[in-house]
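Shown next, in structure tokens, is the structure this report addresses.
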Amino acid sequence: MLIVKKFGGTSVANPERVMNVARRCIEDYNKGNDVVVVLSAMDQTTDELIDLAHQVNKKPPKRELDMLMTTGEQVSVAMMAMAMDALGVRAVSLNAFQVRMITTSSYGNARLKRIEKERIRHELDDRKIVIVTGFQGVNKYDDITTLGRGGSDTTAVAIAAALHADACEIYTDVDGVYTADPRICPGARKMKEITYDEMLDLASLGAGVLHNRSVEMAKKYGVTLVVRSSLNNSEGTVLKEETNVERMLISGVALDKSADRISIIGLKNEPGVAFRVFDVLAKANINIDVILQSIGRDGTKDISFTCPDGDADDAIKALEANQGRLHFKSLDINRDVAKLSIVGAGMMTNPGVAAKMFEALYNEDININMISTSEIRVTVLIDEKDGTRAVNAVHDAFGLSE
Ligand code: ADP
Ligand code: ASP
Ligand code: MG
């Protein structure tokens with residue numbers, strides 16, 4: 001069997017954990033399997049590197065930030081190869097350049113396009129455990145790129161797909177995918193199985209346990225993914241196309257604290273305004289999420305939208321630069337907001353799901369600022385300070401707790 005095993009930052013946070021992971025991988029290797037290990041940076045290294053960059057430049061060039069951040073993963077893979085060597089097993093560490101993991105050119109948020117298999121295959125054929133840096137790639141300029149925060153999951157799935165691996169295991173610091181983040185929702189229940197689609201929604205809406213592109217890629221290439229703990233042997237959660245588990249009304253609750261809300265006040269109430277506003281934002285490369293437009297009054301209207309917190313400053317700059325053309329009175333920004341979402345295919349056929357969510361929030365006296373829905377999700381914008389309380393209230397209201 002060819003097994004791809006990915007370990008996140010907390011799983012390799014210190015030398016003891018590195019040794020622990022090394023032993024776990026060697027167990028599989030000793031059974032005669034080919035083993036590829038994908039690693040994240042140790043513990044909080046990536047955050048620390050970003051912080052370091054900001055000490056010399058408030059807006060570091062993205063190319064240089066990628067160059068800096070990717071050193072974290074390089075430390076991990078070298079440490080792991082040394083740990084395995086100490087345990088008497090042949091291992092080799094490889095970075096994105098050595099493997100040739102080719103991405104699009106955009107720094108900070110690149111997409112994997114192609115992974116060359118030769119080097120990994122060659123090392124596996126030589127009976128080595130191959131340890132690969134997660135999160136990083138190489139673009140057409142031979143520059144180092146990163147795949148976005150949490151991107152090591154995507155590296156692992158992409159390697160599993162490229163090599164037609166028999167298994168792809170994502171090891172993390174919780175026992176699997178839960179109905180809500182178990183760190184803020186003590187009643188959260190571990191799911192035995194979840195469909196790619198539901199996981200994709202949960203991941204895109206803030207359930208940071210998996211990088212959303214890893215789920216997208218697993219679905220596309222039919223990679224069966226397992227999410228489990230690196231600290232114990234419990235079973236974990238299997239992601240697949242269809243599950244046999246009886247469908248609940250909703251499958252999970254997600255909270256995303258990384259959103260900012262921007263309101264454009266006093267726009268003219270006439271055709272073409274929304275187009276001009278979002279055209280300006282699109283040209284500035286701002287990722288827009290929830291949008292709310294007020295009904296016009298006295299010839300004016302307001303438009304509010306959310307965007308990732310990293311985009312808010314650029315959004316404001318772009319809007320202010322076009323104030324004359326867009327004819328608005330003022331901008332209002334709130335950085336202390338959070339998006340709370342419920343996800344589940346069950347809601348398609350059950351009216352009243354949104355009402356139930358709103359009732360749960362009302363009972364907790366939590367105010368809703370914006371609402372957006374799709375067939376299988378409802379998202380509301382709330383104050384960040386209410387986030388944990390809101391997750392628990394909604395989770396309880398849908399009977400998701402054990
Ligand atoms: P890693 O470093 O292993 O990649 P992450 O921090 O990226 O770990 O992801 C694991 C974390 O995801 C957990 O510690 C947990 O707090 C968070 N999380 C958020 N939502 C969920 C969920 N629905 N199920 C499990 N974990 C979740
Ligand atoms: N080390 C990177 C991050 O912190 C990638 C990852 O953990 O998946 O975002
Ligand atoms: Mg992660």
Quick check: is even one residue across the stretch 286-295 assigned to a helix (DSSP H, G or I), at pLDDT 90 or above and of a type outside the set (Val, Ile, Thr)? no
Looking at the stretch 224-231, is at least one residue open to solvent by 40 Å² or more (accessible area, probe 1.4 Å) and within 16 Å of ligand 3 (Cβ to nearest atom)? yes
If I ask for residues that are open to solvent by less than 10 Å² (accessible area, probe 1.4 Å) and either away from ligand 3 (no atom under 16 Å from the Cβ) or in contact with a His (Cβ under 6 Å, 6 or more places away or on another chain) (or both), which ones from the stretch 3-38 would you list? ILE3, VAL18, ALA22, CYS25, VAL35, VAL36
So GLU242 passes all but one of these: (1) surrounded by fewer than 16 Cβ atoms within 10 Å (Cβ to Cβ); (2) at pLDDT 95 or above; (3) in contact with a strand residue (DSSP E or B) (Cβ under 9 Å, 6 or more places away or on another chain). Which condition number does it fail? (2)
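Here is a yes/no grid of residues against (1) in contact with a strand residue (DSSP E or B) (Cβ under 8 Å, 6 or more places away or on another chain); (2) open to solvent by 20 Å² or more (accessible area, probe 1.4 Å); (3) more than 16 Å from ligand 2 (Cβ to nearest atom); (4) farther than 30 Å from ASN33 by Cα:
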residue: ALA158; (1), (2), (3), (4): yes, no, no, no
residue: LEU163; (1), (2), (3), (4): yes, no, yes, no
residue: CYS185; (1), (2), (3), (4): yes, no, yes, yes
residue: ASP197; (1), (2), (3), (4): no, yes, yes, yes
residue: ALA207; (1), (2), (3), (4): yes, yes, no, yes
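Taking the stretch 219-248 on its own, how many of its residues are in contact with a Leu (Cβ under 9 Å, 6 or more places away or on another chain), away from ligand 1 (no atom under 15 Å from the Cβ) and touching a residue at least 24 places away in the same chain (Cβ under 8 Å)? Steps first, please.
Pass one, the stretch 219-248, residues in contact with a Leu (Cβ under 9 Å, 6 or more places away or on another chain): 219, 223-227, 237-240, 248.
Keeping just the survivors that are away from ligand 1 (no atom under 15 Å from the Cβ) gives 219, 223-224, 240.
Narrowing further to those that are touching a residue at least 24 places away in the same chain (Cβ under 8 Å): 223-224, 240.
The qualifying residues number 3.
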Filtering the stretch 340-383 for residues that are open to solvent by 60 Å² or more (accessible area, probe 1.4 Å), in contact with a Ser or Thr (Cβ under 9 Å, 6 or more places away or on another chain) and modelled with pLDDT of 95 or more leaves a count of 0
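The values are calculated or read from the model by the stated rules, or taken from the named source; none is laboratory data. Just so we're clear, the structure is a prediction, and the values are computed from it rather than from any experiment. Virtual Cβ from ideal backbone geometry, glycine too; neighbours counted across all protein chains shown. Note: accessible area is taken over every heavy atom of the protein model, side chains too, but ligands, DNA and RNA are not part of it. Shrake-Rupley method; radii C 1.70, N 1.55, O 1.52, S 1.80 Å.
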